[in-house]
């Protein structure tokens, strides 16, 4: 993410970081506060493979790199919403995707 901390740091240190991130994430909802730092993103353009002319904008994919901690929180929320949706049959069986 923009702060330069690699995703691999969080992956390799999950056991150490989880006891600390859990209370921070819960506090986000308890206090109804989402820090501005987690809203910062960097946008980069990736070349689409096999394009004959990279001077054309459509030859690139713009992607937003978000803060890793914000991505982890988003993933936790997505997991919770998915679990609740399945547990209480909130979505029809024909629902797929986002």
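Every number here is computed from the coordinates shown, using simple stated rules; none is lab data. This is a predicted model, so every value here is computed, not measured. Don't worry about glycine lacking a Cβ; one is built from the backbone with ideal geometry, like all the others, and counts go over all protein chains shown.
Worth pointing out:
- Whole-number Å³ per residue for the convex hull built on Cα positions in region 7-87: 164 Å³
- Each helix, a run of at least 4 DSSP H residues, gives -39500 (n - 2.57); summed and divided by the residues of the chain, these come to -14000 deg cm²/dmol at 222 nm.
- Using the average count of surrounding beta-carbon atoms within 10 Å as a protection proxy, the listed peptides 12-22, 85-95 rank, highest first, as 12-22, 85-95.
- Shape class for region 49-98: oblate, because the ratio a/c of the largest to smallest gyration tensor axis (alpha-carbon atoms, square roots of eigenvalues) is 1.5 or more and b/c is at least a/b.
- Contact order relative to length of the chain, as percent, for alpha carbon pairs under 8 angstrom and 6 or more apart: 29 percent
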